[in-house]
Every structure is written in C-alpha cells, then in structure tokens.
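Q: Structure incoming, see below.
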Amino acid sequence: MSRSSAACCGLPLLAIVSVVVLLAPRPAGGYSYRTEYITVPVDHFSFTNNDTFRMRYLINDTYWKSKNGPIFFYTGNEGDIEMFCNNTGFMWETAKEFDATVVFAEHRYYGESMPYGPNSYDNKSRLGYLTSQQALADYVDLISHLKRRGSPRHTSEAAGPQPRCGNPVIAFGGSYGGMLAAWFRIKYPAVVEGAIASSAPIWQFTGMTPCNAFYWVTSSAYVNTSAECGLTIKASWKAIDNVTKSSEGKSWLSNEWKLCSPLSDANSVSSLKNCMSNVFVNMAMANYPYPANFLAPLPGYPIKELCKPMMNHRENDRTLLGSVFKGLNVYFNYTGTSPCLDVIGCGTTPALSDQGWDYQSCTEMVMPMCSNGFTDIFEKSPWDFEKFAKYCHTTYGIQPVVDIIEKIYGGKNLNAASNIIFSNGLLDPWSSGGVLQNISKTVRAVIIPESAHHLDLRASNINDPESVIKARKLYKNWIKKWLSGYRDQVKLSTC
C-alpha cells in the first residue's frame, strides 16, 4: 500500500486545491472510478500550522446527467477507502437511479491520505490531527471543490466558480463511517442535505450505553443460532485455563490448534483468548446470508457454520477445545490455505488500520466495553478506565477524554438534528450503541432484525432478507424527499 509524500509546508491555511487525477478508470469489485487527490490543511481550526497534505478520493460520474445532479458522498472509515468502495454496492445502485455522482472520500491518516507521509504516526504532535472533526472539515473542502468546478466530468477549474447550491449532497457511511455521516449532517447542515448512517454506534460512549451491551448482543447472535454453541464457547475459557496450567497442556493445545507460535506463558495464553474474542465478534459482524470477503473470506451465515461442531459443552476439556478449534477454522482458514493460526494480528483486517483506530480510541473514541461471563458467552472482563488511560499515556503520551464526543456532537440530544436515517441490524454487535428509536419526524431509526454489520449498504443479493430489501426501499424514498426539499429551497434562493 503506497503512502502519499510528506505534507508541504508554508502554504496558506486556506485550502488551495490541487488535483492529481488517475485518468484510467479502475475496477472496484465490478465498479469503475477515477482516483483523485485534493490538497487540504492539516489543521482546519487554528492559524498556527500551515501544513497541507493530499487527501485521496474515488469518483465516478458515469450516471451524471446534469450540473444539478446530486453527489452521493461516502464518509471514509478507519481504513483504505477502496475497501469501502468495494463493499458499498447500495450507493452505486442508488446513484444510477438518481443520476448521481459517486464519491468515496478517504479519512486522513488512513490508506494513502497521510498528512506527514510515512512519518505521520511518529509522535503525538503529528498524530494529534487525527480526529473526526478534522476529517469532517476535509470532507467540507472536498465537497466545496467538487461544486466549484461544476460537472465532476471536468477536472479543470478554469471555467471559474460554479453555483455551490446546484448539487445536493447525500452522505452515506457504515460503522465509523456511519457515525461520520450522521455527524456530518449535524455539524454541516448547509453542506449535507441528508445522511444514511448504517450500523453507526454514536451512543457507544460513557454514560450513554452500558459497557456490557456490546458483548451481550454479540452473544445473542450465537445463542440464538444454537444454545449449545453459546454454552460451548462460554465453557472454552475455563477449559483453556485448565489445559494450559502445565507445559504439556500448552504444547498439546499449540499442536491441536496448529498455532504458528507455541504457547509459552500466561501472556501467550491471554493473546490466544483475545484472538478468539476478536474472531467471535468479527463473525457476528459479518454474519451475512451469503459468502463474503469483508473482514475475512467467509461462507454464508458463518456463525451457523462455526457452531456446527460445537454440540456438547459438557465434554472433557480437550474434546471441547477440539470442537472449538474446528469452529474457529471457519474464520481463519475457510479457504484452507492457512498453514497455522497466527495469534498475532488474529481477527484484524489488513485494509483497516489498527494503529490509527487505537489512537482514536485513546482520544475521542473512548467506548467502554465489558463482559461478565453470565449474561454473555465471554470471559469476565470489567471496564477499567484507569488501566486503559495508563495504556494510552504509555503508548501515545495522551489522556483519553470520555465526554468529548458528547460535547462536540450532542450525544443523545439530537432534537435539533434533521434528515438522518440510523439503521441497525439486530445481529450486529454495534447495534448496542446505535439509535434504535425515532428521534423526530426526520431523524429516523430503521431496525433490521436479520441484518449484521451494515449489510444494508452492501450490493443487492438474491439471498438478502426481506427486511433488508424493505429498508433499502425506505432509504430511497427518504432520499427522494430530501432532494425534493432541497430543490424547492433552491427555487426560492438566488442561485
């Protein structure tokens, strides 16, 4: 994965736009787009840092019919933007219906959009510009640029500024991208006409959601598939402790589970358990009704496949752990090409940046999570803010701020917001921190019982549940209302 060069210094803080265009359309899971770059400030909110950097975005104007056509804008997540472009087929399908330009904007400090190139993560003075507020300001500059240059088919601004009110913008996003889409509409209602925020846990923060809610929802996905499966997973933690008390037991489990690095001490056993927890969460997130390759290559309804060998939680420890390993194989070796289970990095996705999100979770994205081992299938793990804060200080030299998101975006007080659809699948662990009830006539909650993590934003599939199909139809109706309302306002304006 290539990274952009270090930011230019000494340029004025105002966004001087320079665009580099990759002219040849690039295929993205059946979609085509151009890769372009816009120069934006590293710091939008002070006058003391004049550094700039190139932010990447992907654009397709195939469906563009007029200079007043809408812009469907994806607010990029914590990873390479191409990954989200590949997995957001609903945007592409809907853009065709609405004659819209499709834009996928890459979040700063992820993918190629590195403010200080390969040195962007070197120290907290450089990494400190990795915030949701700065990212949203990047998106404002990008939208202003797209509107100024008129039809997105033309990459030159030589024709002069175009009316900015001619192109209504609809924001889309899933997960953290969904949070950003909602916050984009909340913070910049003059820029974004409406937002589809899928699987957006905007309330997964201190004082808004109980810390055990996330793992309770995750557990439900397994227990509702098979009660015996849930009990087997629950029993596996103690079984691992029992087996790994001896060196012989550690050696047996290392061989039985084909670990790339054999278990040697308590830390390695803890890493194995963390690996298992990550896998169980990711399987719940990607519990789609058809084979997919979002977080890993997985079959349709992967939890059902994982649970098949877990038939008896009362088996002896070694027999039980053998059945658990067969289930875990569905996640880490579904293709049959992995020679061993690598605990390091287990359950992570290469296209997502663990380092970037780890930093964000230590600053503004403090999401308390805990498990109790009774109402969930996970090992007991209380939320310890002091321990967490110590880790953040040791790792990054910073102190987490638990209420900053509430201060900036309003927390649960969304009465002043408008034109936002919050969708949540009840199979998705992140629904625990989502908006599950209507806030107002224009801030709506869509509950999709049969959906996992932002399944509704994926491309149409013959195996889609009826609840997902209905949800997408609802989104389109709201987009029509938003665009109609926008155009009515334009008629009354001086544009």
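The values are calculated or read from the model by the stated rules, or taken from the named source; none is laboratory data. On a predicted model such as this, the values are computed, not experimentally measured, just so you know. We place every Cβ from the backbone using ideal geometry, glycine too, and count neighbours over all the protein chains shown.
Q: Just to verify a result, which residue in region 284-304, among those that are touching a strand residue (DSSP E or B) at 6+ places or on another chain (Cβ under 8 Å) and surrounded by 15 or more Cβ atoms within 10 Å (Cβ to Cβ), is modelled with the lowest pLDDT?
A: Top of the filtered list is A292.
Q: Can you say whether S219 is in the same structural domain as D342 (by TED's automatic domain parsing), of a type in the set (S, T, Y), part of a helix (DSSP H, G or I) and buried (at least 20 other Cβ atoms within 10 Å of the Cβ), as far as the supplied structure shows?
A: So S219 fits the description; yes.
Q: Another question, if that's okay. Over 29 Å from P289 (Cβ atoms) and surrounded by fewer than 24 Cβ atoms within 10 Å (Cβ to Cβ): is that true of N438 in this structure?
A: Answer is no for this residue.
Q: Could you give me the residue pairs with C-beta distances under 9 Å whose first residue belongs to region 85-107 and is at positive phi, whose second residue is assigned to a loop (DSSP other than H, G, I, E, B) and hydroxyl-bearing (S, T, Y) wherever it lies, and which are 6+ apart or on separate chains?
A: D99/Y63; D99/S66
Q: So, in region 251-261, of the ones that are out of contact with any Pro (no Cβ under 7 Å at 6 or more places or on another chain) and closer than 18 Å to I344 by Cα, which residue ends up surrounded by the fewest Cβ atoms within 10 Å (Cβ to Cβ)?
A: Step by step, filter region 251-261, then rank; the result is N255.
Q: Look through Y331, Y391 and report the one residue that is assigned by TED's automatic domain parsing to the domain that holds S220, out of contact with any strand residue (DSSP E or B) (no Cβ under 6 Å at 6 or more places or on another chain) and either within 26 Å of E256 (Cβ to Cβ) or at pLDDT below 95 (or both).
A: Y331
Q: Yes or no: W252 modelled with pLDDT of 95 or more, among the hydrophobic types (A, V, I, L, M, F, W, C) and in contact with an Asp or Glu (Cβ under 6 Å, 6 or more places away or on another chain)?
A: When the stated conditions are applied, W252 does not pass them.
Q: Tell me the residue from V279, V269 that is part of a helix (DSSP H, G or I), of a type in the set (V, I, T) and touching a Gly at 6+ places or on another chain (Cβ under 7 Å), please.
A: Result: V279 is the single residue among V279, V269 that is part of a helix (DSSP H, G or I), of a type in the set (V, I, T) and touching a Gly at 6+ places or on another chain (Cβ under 7 Å).
Q: Inside region 50-68, can you point out the residues that are outside any loop (DSSP other than H, G, I, E, B) and farther than 14 Å from E112 by Cβ?
A: Answer for region 50-68, where residues must be outside any loop (DSSP other than H, G, I, E, B) and farther than 14 Å from E112 by Cβ: T52, I59, N60.
Q: Of the conditions (1) more than 24 Å from S423 (Cα to Cα); (2) modelled with pLDDT of 95 or more, Y121 clears all except one; give me its number.
A: Tallying (1) more than 24 Å from S423 (Cα to Cα); (2) modelled with pLDDT of 95 or more, Y121 fails exactly one: (2).
Q: At pLDDT 95 or above, basic (K, R) and not assigned by TED's automatic domain parsing to the domain that holds N86 - does that describe any residue in region 309-326?
A: yes
Q: Which condition number in (1) more than 20 Å from the chain's Cα centre (by Cα); (2) assigned to a loop (DSSP other than H, G, I, E, B); (3) not basic (K, R) is the one that A200 fails?
A: Result: A200 passes all but (1).
Q: Go through the residues of region 255-273 one by one and say whether even a single one is without any contact (Cβ under 8 Å) to a residue 40 or more places away in the chain and within 15 Å of V324 (Cα to Cα).
A: Looking through region 255-273, at least one residue is without any contact (Cβ under 8 Å) to a residue 40 or more places away in the chain and within 15 Å of V324 (Cα to Cα).
Q: Something else about it: Does region 401-408 include one or more residues that are outside the structural domain of A171 (by TED's automatic domain parsing) and touching a Cys at 6+ places or on another chain (Cβ under 6 Å)?
A: There is no residue in region 401-408 that is outside the structural domain of A171 (by TED's automatic domain parsing) and touching a Cys at 6+ places or on another chain (Cβ under 6 Å).
Q: Between R472, R487, which is closer than 20 Å to N419 by Cα, within 21 Å of the chain's Cα centre (by Cα) and in a helix (DSSP H, G or I)?
A: After applying the criteria, what remains is R472.
Q: Filter region 344-374 for residues that are touching a helix residue (DSSP H, G or I) at 6+ places or on another chain (Cβ under 6 Å) and at pLDDT below 80; which is surrounded by the fewest Cβ atoms within 10 Å (Cβ to Cβ)?
A: T348
Q: For region 445-469, how many residues meet the condition of being surrounded by 20 or more Cβ atoms within 10 Å (Cβ to Cβ) and under 30 Å from K412 (Cβ atoms)?
A: 11
Q: Every residue in region 416-452 that is within 23 Å of G207 (Cα to Cα) and basic (K, R), please.
A: Correct list: R444 only.
Q: Within region 406-447, count every residue that is farther than 16 Å from S175 by Cβ, of a type in the set (G, A, S) and part of a loop (DSSP other than H, G, I, E, B).
A: Within region 406-447, residues that are farther than 16 Å from S175 by Cβ, of a type in the set (G, A, S) and part of a loop (DSSP other than H, G, I, E, B) number 6.
Q: Something else: In region 94-140, what residues are over 22 Å from the mean Cα position of the chain (by Cα), under 16 Å from D43 (Cα atoms) and part of a helix (DSSP H, G or I)?
A: G117, K124, S125, R126
Q: Let me ask something else about it. Return a yes/no flag: does region 69-84 have any residue that is over 22 Å from the mean Cα position of the chain (by Cα), more than 28 Å from D354 (Cα to Cα) and part of a loop (DSSP other than H, G, I, E, B).
A: Yes, the conditions are met somewhere in region 69-84.
Q: Same structure, new question: Give all pairs with beta carbons closer than 6 Å in which a residue from region 210-234 that is closer than 14 Å to A284 by Cα meets a residue that is of a type in the set (K, R) and surrounded by fewer than 22 Cβ atoms within 10 Å (Cβ to Cβ); count only pairs at least 6 apart in sequence or on separate chains.
A: Final answer for the pair search is T225/K304.
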